[in-house]
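Report on one structure; see the data block that follows.
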Amino acid sequence: MNLQSVVSLNNLPLHILVERLDSGHFIASVTELADCVAEAETREDAISSMGYAYASLQEKIKARLANIEILTIEVPNNPWTDFIGMFEGDEEFAELAEELRTERELDINGAA
């Protein structure tokens, strides 16, 4: 097994989910890290660097990542590669794929 360790977490991308509660308050949570949640009275305070909630969230993130090691695993002989090109030259599959693209485009553009 080939494990590679990520040496630096300085540029680790994280996603913050901001949710408005019925009370009018906002909750900011880090989707990748369970229990990294902060609540504030305004959206701005929940996500801005000036707000208490953000500082609280930043401290929670730092504490959570302090003892974490991230490993990347290389999978040899990836089974998904067996399917690459298996429908090349298949006209029925090409037609089906085009129909799916058209349907998805209609869904994306809001016309159903």
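The values are calculated or read from the model by the stated rules, or taken from the named source; none is laboratory data. Here the structure is a predicted model, which means the values were calculated and not measured. Protein only, heavy atoms only, side chains kept; ligands, DNA and RNA dropped before computing areas. Shrake-Rupley method; radii C 1.70, N 1.55, O 1.52, S 1.80 Å.
Scanning segment 84-99 for residues that are open to solvent by 100 Å² or more (accessible area, probe 1.4 Å) and hydrophobic (A, V, I, L, M, F, W, C) yields Ile84, Met86.
When restricted to residues that are open to solvent by 90 Å² or more (accessible area, probe 1.4 Å) and either modelled with pLDDT of 75 or more or within 21 Å of the chain's Cα centre (by Cα) (or both), segment 60-82 contains 10. Go through (1) part of a helix (DSSP H, G or I); (2) at pLDDT 80 or above for Leu106 and report which single condition fails. Condition (2) is where Leu106 drops out. In segment 40-58, the residue that is nearest to Arg20 (Cα to Cα) out of those that are modelled with pLDDT of 75 or more and open to solvent by 100 Å² or more (accessible area, probe 1.4 Å) is Arg43.
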